[in-house]
Amino acid sequence: MRRRTFLSVVGGAAALTIASTVTGCSLFSGDDGAPTVVPAPAVSDPITGLIATTRLHVLRLEAAIAAYPDQAPLLTPLRDDRAAQLAGLEAEYARVNPSATGASSAAPTVPASGQVAAPASPEAAISSIRGDAATAQVQFTDAVSNASRYRAALYGSIAATLASHRAILA
Amino acid sequence: MSSPTPTPDPASTDAPSGASDTESSGSGSPRAGSPQSVAPFSSSAAAAPGPLAPDALAAMESALAAEQAAVWAYGLVAAYARDDAAMITENRSGHLLRRDATAARLVAGGAQPTPPAPAYQVSVNVVDVPTARQLAQDIELDAAAAWRVVLGSTDDPELRGFALTGLSDAAVRLAMWKRVAGATPATVPFAGQA
C-alpha cells in the first residue's frame with residue numbers, strides 16, 4: 001500500500017514534468033534543468049518578403065514566355081531585369097545574414113520555368129505581368145521609408161525600374 | 001554628377017535613427033503626371049521639410065545641377081528630334097518642375113541653390129535625330145543617377161520620397177527614349193545605378 005502510494009506520486013510528478021515541458025513553464029524548473037525561458041525567434045529580415053515577391057514574379061514571367069513565345073521579345077528583357085533584381089536582393093540578404101545564407105543560397109537564384117500556370121491568353125499574360133509590376137512597385141516603395149541608406153537606394157532603384165516596366169507594358 | 005554611390009553599411013536592416021521623427025510627405029514633389037508613379041509611402045500627413053544634413057545637401061546640389069542641365073539640354077534635343085516634339089515638351093516640363101522644386105527644397109533646408117549655368121557641355125555631338133535621342137537618354141541617365149544618390153544619402157523619409165519620385169520619373173523617361181530609339185533592352189534592372 002505504501003509502495004503503491006509512492007509510485008503514484010512519482011508518476012504524477014513525471015506527468016507534471018512532461019506537461020510543463022510541453023507548455024513551457026514549470027514550478028520545478030530549477031530542479032530538473034529544463035529550460036523554461038527560450039529565446040524568441042529572431043525577427044525576420046524584411047527583405048525576405050521582397051525576395052519572395054520577386055521570385056514569384058520571375059516565375060510568372062518565365063511561364064508567360066514559355067507559353068507565348070511571340071511575346072518573348074517584350075517579356076524576356078523584363079524577366080532578365082527581375083532575375084537580376086532577385087540576385088541582388090539575395091546577395092544583400094546573405095551579406096546581412098551570413099549565418100542564414102544556407103537557406104537563402106539553397107534557393108535557386110533564377111527559378112525553373114513551368115512551375116506557375118500561364119494565363120489563358122497573351123493579353124491576359126501581359127495584364128498579369130503589368131499587375132505584378134505595379135504590386136511590386138508599391139511594395140518596394142513602401143520598403144524605402146524604414147530601410148538603411150544602402151537598402152533605400154537599392155529598393156528605390158528597383159521601384160523605379162518597375163515603374164519603367166509598367167510604362168513598357170502600358 | 002559624380003556623386004558617390006551608396007555603399008552597404010553593417011546595420012543595413014535597421015531603421016534609421018530618427019526616421020520616425022519626420023512623417024512622409026509628397027509635398028513639394030513635382031509629379032510628372034506619369035501613370036507609373038506611385039505615391040512614396042503613406043503621404044496622408046504633410047510634414048515641413050527639415051534642414052539638410054551635409055550628405056543630403058551635397059547630393060541634392062548634384063541633383064539640382066542634373067535637373068538644370070536636363071532643362072537646358074532638352075532644348076538641344078528639340079532642335080533635332082522634331083518628330084518627338086510632344087515627348088520632349090512633356091519631359092522638359094517635368095524636369096523644369098523638378099528643378100524648381102529641388103531648388104525650393106534646398107532653400108527650405110537652409111541652403112542657397114546654385115543658379116543654372118548659361119550652357120552645358122553635352123555627352124554627344126548632336127547633329128541628327130539619332131544623336132538627339134542619345135542625348136535624351138544620357139539626360140535621363142544622369143538624372144536617375146543623381147536622384148539615386150539622394151535616396152541613399154538621407155534618413156529622412158520625406159526627402160527619400162522626393163528623391164524616389166525623381167528617380168522613377170527619370171527611369172520611365174529613359175525607357176521611353178530607348179524604345180523610341182529602338183535600343184534594347186529598354187530598361188535596366190537597377191535604375192540610376194551605373
* Asked: Can you give the extra length, in nm with one decimal, that the chain gains between B:Thr114 and B:Thr89 once fully stretched, where that is 0.36 nm per residue apart less the Cα-Cα distance?
  -> 6.6 nm
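Rounded to the nearest 0.05, what FRET efficiency do B:Val107 and A:Asp80 give with R0 = 35 Å and r taken as the Cβ-Cβ distance? Could you check?
0.25
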* To do: Report the paramagnetic label zone for A:Ala72: residues of the stretch B:163-194 whose backbone N is under 19 Å from a point 7 Å from Cα along the Cα-to-Cβ axis.
  => B:184-186
* Asked: Solvent-accessible area per residue for the stretch B:56-179 at a 1.4 Å probe radius, Å²?
  -> 37
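The values are calculated or read from the model by the stated rules, or taken from the named source; none is laboratory data. These numbers come from a predicted model, not from an experiment. FYI the Cβ positions are ideal-geometry reconstructions off the backbone, even for glycines, and counts take in every protein chain you see. Side chains are part of the model used for accessible areas, which takes the heavy atoms of the whole protein and leaves out ligands, DNA and RNA. Shrake-Rupley method; radii C 1.70, N 1.55, O 1.52, S 1.80 Å.
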